[in-house]
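The values are calculated or read from the model by the stated rules, or taken from the named source; none is laboratory data. Note that this is a predicted model, so its numbers are computed, not measured. Using ideal geometry, Cβ is built from the backbone for each residue, glycine included, and neighbour counts are taken over all protein chains shown. What goes into the accessible areas is simple: the full protein's heavy atoms, side chains included, and nothing from ligands, DNA or RNA. Shrake-Rupley method; radii C 1.70, N 1.55, O 1.52, S 1.80 Å.
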Amino acid sequence: PSDLSQQVFEGDADSDNGASASEEAPERRLPVTHQVEMRAHHKTVTCLALDAKGCRLVTGGSDHKLCFWDFAGMTRELRPFRELEQPLGAVQIRSIDFSPRAAKLIVAGANPQPMILDRDGRKLTSLMRGDMYIHDMRHTKGHVGAATCAKWNPVDLQSVCTAAADGTVRLWDGEVAVGRGD
């Protein structure tokens, strides 16, 4: 149905046990009939991020692509407003996260250099790459293995944390990285 008031929910009132709804604990009501298929990737979607207001969605996948969706400006075709082919090179996108104020996002993939983008997908910077010939990871300034996850700090709004297959977790100052502008 086109009217959202006609949604069918799991666990709705037609129960056979005869007890009134006020006597039972409230059930969780999940919509099961309304869904939208947004197709843009041609391989597995591996990660997604929704901004804090719920207006913008970014998806990444095994096809090395990022898709930017804007719910307020979306047409009936349900297409992304921007697609970035291989923003990190020919590697799988593994993690995406919006900054707490949704002005920036961090993208990590199967390479050692996560990237910071603005909310429209324009590259601001890439984080430093570590020196793979240094065995003690404390003495290199970036990851040497494939990044596996990247998240913004919800309290310190400029800090970002990344993890990688090299066994390290690194904390970055996002403002310093963007100011450096590699």
Check: Of LYS65/LYS151; LYS43/LYS141; LYS43/LYS151; LYS43/LYS104, which ones are farther than 22 Å apart at the Cα?
Finding: LYS43/LYS141; LYS43/LYS151; LYS43/LYS104
Next item on the list: Using the heavy atoms of the protein chains and a 1.4 angstrom probe, tell me the accessible area per residue for segment 48-93 in square angstrom.
Entry: 52
Next item on the list: Take the solvent-accessible surface of the protein heavy atoms, probe 1.4 Å, and return the percent of it on segment 68-170 that carbon and sulfur atoms account for.
Entry: 51
Next item on the list: State the Kirkwood hydrodynamic radius of segment 55-182 in Å, one decimal place, computed from all pairs of distinct Cα atoms.
Entry: 15.0
Note to self: To check my understanding: the extent here is largest minus smallest coordinate of the Cα atoms along each principal axis. What are those three numbers for segment 71-125, in Å, largest first?
What the structure shows: 38, 27, 16
Next item on the list: Count the net charge of all other residues whose Cβ sits under 13 Å from the Cβ of ALA163, scoring Lys and Arg as +1 and Asp and Glu as -1.
Entry: +1
Next item on the list: Please list, in chain and number order, the residues 5+ apart from VAL144 or on another chain whose amide H is under 5 Å from its amide H, with Hs placed from the backbone.
Entry: GLY130, ASP166
